[in-house]
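The values are calculated or read from the model by the stated rules, or taken from the named source; none is laboratory data. In this text the structure is predicted, and so the values were computed from the model without any measurement. Cβ atoms come from the backbone with ideal geometry, glycine included; neighbour counts cover every protein chain shown.
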Amino acid sequence: MGAWSARHRKTAVFGWILFVVLAAFLGGVHGSTTVTDSESMPGQVARAAQILDSAGIKTPAGETVLIQSGTQTADAPAFHAAVDQVVAAVNGSGKATDVRSPYDSRAISADRHSALVQFGMAGTQDDALKNVPAVLDAVAGVQKANPSLTVVEFGQASSNKWFQDQFTNDFASAEWTAVPLALGILLIAFGALVAAILPVGLALTAFIAAGGLVALSSGFLHTSNDASSVMLLVGLAVGVDYCLFYLRREREERAAGRDAATALQIAAATSGRAVLVSGVTVVVAMAGMFLTGIADFQAMSYATIVVVITAVIGSLTVLPALLSMLGDRVDKGRVPFLHKLKARPAAHAATGGRVWNTVLTPVLRHPLAAALLAGGLLLGLATPLLTMHTANLTFEQQLPKGNALVLTSQRIEAAFPGSPSPATVVVKATDITSPAMQRAIADFQSRALASGRMHGPIDVTVHAAQNVAVIDVPLDGSGNDATSTAALQTLRTDVVANTLLKVPGTEAPVTGDTAGSHDFNQQMTGSMLPVFGFVVAFAFLLMLASFRSLGIAVTAVVLNLLSVGAAYGVLALVFQHGVGASLIGTDGVGAVESWVPLFLFVILFGLSMDYHVFVVSRIKEAHDRGLTTQAAIGYGIRSTAGVVTSAAVIMVAVFAVFGTLSMQSMKQMGVGLAVAVLVDATVIRGVLLPSVMSLLGERNWYLPSWLGWLPDLSHTEAPAPAPAPAPVSDDTSWVRHVNA
């Protein structure tokens with residue numbers, strides 16, 4: 001691929017540009033089809049959404065206005081007048097339906113200092129997002145006219161509107177921060193503007209093209225907003241990394257005296273192959289998310305797979321063509337001071353720098369001690385994962401402390417326990433208006449209140465034409481704590497089972513925030529083992545075929561599991577227990593977002609193979625040229641130290657940007673990825689990998705005879721690379737072998 005691209009430079013470059021433009025244009029024209037409610041959640045929640053969709057029942061987005069006073073009760077004239085003003089203002093906006101005064105619905109707190117005006121937003125969920133600002137403005141006008149009272153709004157539409165706006169702002173912030181950050185790091189790494197722009201430019205064009213392809217194919221595999229952010233995150237990370245690996249190898253060979261064509265062929269045959277193997281590993285790992293059976297995960301998986309494949313194709317085609325076109329002009333735009341630092345003689349290119357050499361020399365001398373020390377450190381970091389609690393974080397947990405909507409929600413929950421996110425029972429019957437069904441609904445209400453775990457008011461909406469009823473039941477608890485889960489279990493296994501389901505031919509799935517969190521968590525827990533097994537097994541087989549070595553395949557899997565475990569431990573420590581949470585502008589919320597651990601596993605298992613494949617490929621390359629295993633390890637680690645460091649710094653920086661965003665789930669994802677990559681590029685690659693390979697010795701290259709049938713993906717044909725230069729180290733016995 002590299003040779004073809006170098007010979008057909010214009011075809012490769014303009015073909016890539018045409019591909020990106022066409023993909024983006026056609027994707028924009030087609031538009032994106034997003035996942036539906038029934039696809040995005042599992043269990044009874046999905047079934048409830050299917051019943052409502054089939055019946056054509058569009059539940060309006062519910063909104064609530066809290067009127068509260070520390071001194072006046074609902075019976076006071078001024079309080080009553082404020083309630084009437086809210087009702088009039090909401091009706092006057094023309095954007096609301098079924099506006100209910102608390103004096104009619106009896107939505108007045110037990111101490112009579114709080115009351116709720118309840119209503120639904122007109123139109124669809126999308127219409128509600130567009131219309132809710134007008135209602136918020138109307139309510140704000142009543143608050144301004146009644147400064148002695150608290151008049152605030154909270155609900156599905158207002159919270160979704162905040163999430164939508166914040167998601168857009170956060171995504172834009174991440175994009176505008178991560179890209180210049182990556183460019184700045186590459187400028188330091190290369191010391192030249194052109195060389196720094198190439199990886200970022202290729203990564204961004206790969207992201208743009210992949211976005212168009214995902215939109216274009218969203219008709220048969222629906223996408224989501226989360227998929228777009230993940231695609232940017234992973235696309236920028238792998239796109240830059242792949243180009244960095246390729247470009248640094250080509251520059252290294254040129255510095256060693258190779259002509260341009262030969263340097264490009266060596267880069268294609270070595271780093272190009274590492275990019276291909278790494279990309280396939282990421283794709284295999286991400287494919288494991290399809291086993292969750294949840295549409296949001298499938299959307300994220302598909303989007304990531306598309307952007308990785310696009311980045312790999314770009315790295316193996318348009319990058320060689322551009323390098324062939326530019327030649328030594330890739331070093332144009334030199335930054336004087338930085339370029340001097342990078343312009344080291346080729347004889348010192350493999351030293352890895354003083355820091356890496358200082359670390360690696362004692363590791364190779366005392367591999368057992370180094371392995372025990374590094375392994376103990378990672379196991380210690382991973383220990384908190386034993387206490388990890390996962391949950392679908394509530395609205396209050398997702399948002400920053402002090403957020404106005406969070407404070408309003410907390411006020412409502414304190415005055416009306418369970419009201420902000422009640423459970424919803426969707427009843428589908430043969431005849432919803434039959435006497436038996438009416439008695440069952442009445443029994444349901446009585447039994448729910450008698451359980452002591454649910455509260456009034458219980459709202460019942462009957463859709464006679466569709467034989468469907470929707471019952472809203474406030475539950476005890478915060479929404480995803482043990483109290484809420486116990487109340488949900490009582491509702492499902494006792495109240496619903498012994499009332500509504502006693503009527504033949506009746507379905508009554510329970511949905512709502514608490515039910516969604518519980519069912520989603522159950523689905524995640526149930527799919528963990530199949531996903532983990534799939535990813536580990538295929539990654540192992542891929543490493544086995546790529547290096548034809550049982551030891552390297554086993555080592556790759558074990559080391560990756562250690563880095564993932566360390567990331568899990570840090571997540572639990574920071575976000576669940578609150579240790580050091582203030583350093584990243586958050587607080588311990590008592591739980592880790594339920595999808596984050598599984599997502600981190602598949603992403604990290606794929607991305608960490610970037611470094612592993614790149615480093616081990618260089619070690620095997622040196623060993624195949626006749627070096628002993630010990631000498632090959634020293635050469636391979638030192639010669640890739642600069643590239644791995646640069647790539648890791650970029651990845652950590654990009655992921656850390658997501659750790660600064662407002663949404664708790666984005667923070668957790670960003671911090672988890674940043675920590676894992678940092679651990680992977682330092683402790684794993686700098687200490688554990690060389691120490692373990694040193695302990696294994698020649699057994700690193702062992703392949704049992706019964707595995708001889710495996711395809712040989714390790715052979716490449718290219719001009720021999722330049723001899724490995726001597727490192728700055730006391731261990732120079734292998735240099736004589738190379739020189740000889």
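Checking ASP624, ASP680, ASP610 one by one, the residue that is closer than 26 Å to ASP241 by Cα, free of Cβ contacts under 8 Å to residues at least 12 places away in the same chain and assigned by TED's automatic domain parsing to the domain that holds THR555 is ASP624 and no other.
Here ALA237 fits the description: aliphatic (A, V, I, L, M), under 30 Å from ASN169 (Cβ atoms) and either within 24 Å of the chain's Cα centre (by Cα) or in the same structural domain as VAL652 (by TED's automatic domain parsing) (or both). The residues listed here are ALA196, ALA192, ALA203, ALA145; of these, the one that is touching a Gly at 6+ places or on another chain (Cβ under 6 Å) and over 27 Å from GLN664 (Cα atoms) is ALA192. In the range 658-740, which helices (runs of 4 or more DSSP H) lie fully inside it and hold 2 or more residues that are over 30 Å from VAL574 (Cβ atoms) and modelled with pLDDT under 80? Fully inside the range 658-740 and qualifying: 733-739. Here ARG7, ARG47 are screened, and the one residue that is touching a Pro at 6+ places or on another chain (Cβ under 6 Å) and surrounded by fewer than 21 Cβ atoms within 10 Å (Cβ to Cβ) is ARG47. Residue count for the range 213-238 under the criterion of being over 18 Å from LEU186 (Cβ atoms), of a type outside the set (Val, Ile, Thr) and crowded, with 24+ Cβ neighbours inside 10 Å: the result is 2. Number of residues in the range 53-84 that are touching a Lys or Arg at 6+ places or on another chain (Cβ under 6 Å) and more than 28 Å from THR461 (Cα to Cα): the value is 1. Identify, please: which residue in the range 97-130 is hydroxyl-bearing (Ser, Thr, Tyr), touching a residue at least 24 places away in the same chain (Cβ under 8 Å) and part of a loop (DSSP other than H, G, I, E, B) and is, among those, nearest to ALA82 (Cα to Cα)? Among them, the one singled out is SER109. Checked against (1) within 30 Å of SER594 (Cα to Cα); (2) within 27 Å of the chain's Cα centre (by Cα); (3) surrounded by 15 or more Cβ atoms within 10 Å (Cβ to Cβ), GLY31 passes all but condition (3). Restricting the range 561-593 to residues that are among the hydroxyl-bearing types (Ser, Thr, Tyr) and at pLDDT 80 or above, the residue that is farthest from MET669 (Cα to Cα) is SER563.
Considering the conditions (1) of a type outside the set (Lys, Arg); (2) assigned by TED's automatic domain parsing to the domain that holds LEU688; (3) modelled with pLDDT of 90 or more, THR361 is excluded by exactly one of them, (3). Of the residues PRO400, PRO367, the single one that is over 30 Å from HIS113 (Cα atoms) and either surrounded by 13 or more Cβ atoms within 10 Å (Cβ to Cβ) or at pLDDT 80 or above (or both) is PRO367.
Restricting to the range 122-141, count the residues that are of a type in the set (S, T, N, Q) and either within 29 Å of the chain's Cα centre (by Cα) or under 9 Å from PRO60 (Cβ atoms) (or both). Qualifying residue count, the range 122-141: 2. ASN498 meets all of the listed conditions (1) surrounded by fewer than 23 Cβ atoms within 10 Å (Cβ to Cβ); (2) within 33 Å of the chain's Cα centre (by Cα) but one, namely (2). For GLN298, the test of being surrounded by fewer than 24 Cβ atoms within 10 Å (Cβ to Cβ), under 14 Å from the mean Cα position of the chain (by Cα) and part of a helix (DSSP H, G or I) is passed. Would a scan of the range 262-269 turn up a residue that is surrounded by fewer than 23 Cβ atoms within 10 Å (Cβ to Cβ), farther than 30 Å from TRP595 by Cα, more than 26 Å from the chain's Cα centre (by Cα) and without any contact (Cβ under 8 Å) to a residue 60 or more places away in the chain? No - not one qualifying residue is present in the range 262-269.
Taking the listed residues SER646, SER582, the one that is free of Cβ contacts under 8 Å to residues at least 40 places away in the same chain, under 24 Å from the mean Cα position of the chain (by Cα), part of a helix (DSSP H, G or I) and more than 27 Å from PHE290 (Cα to Cα) is SER582, with no other qualifying. A single member of ALA469, ALA442, ALA465, ALA448 is in contact with a strand residue (DSSP E or B) (Cβ under 7 Å, 6 or more places away or on another chain), free of Cβ contacts under 8 Å to residues at least 60 places away in the same chain and assigned to a helix (DSSP H, G or I), and it is ALA448. Of the helices (runs of 4 or more DSSP H) lying entirely inside the range 179-286, those containing at least 3 residues that are closer than 30 Å to GLU39 by Cα are 193-216, 225-255.
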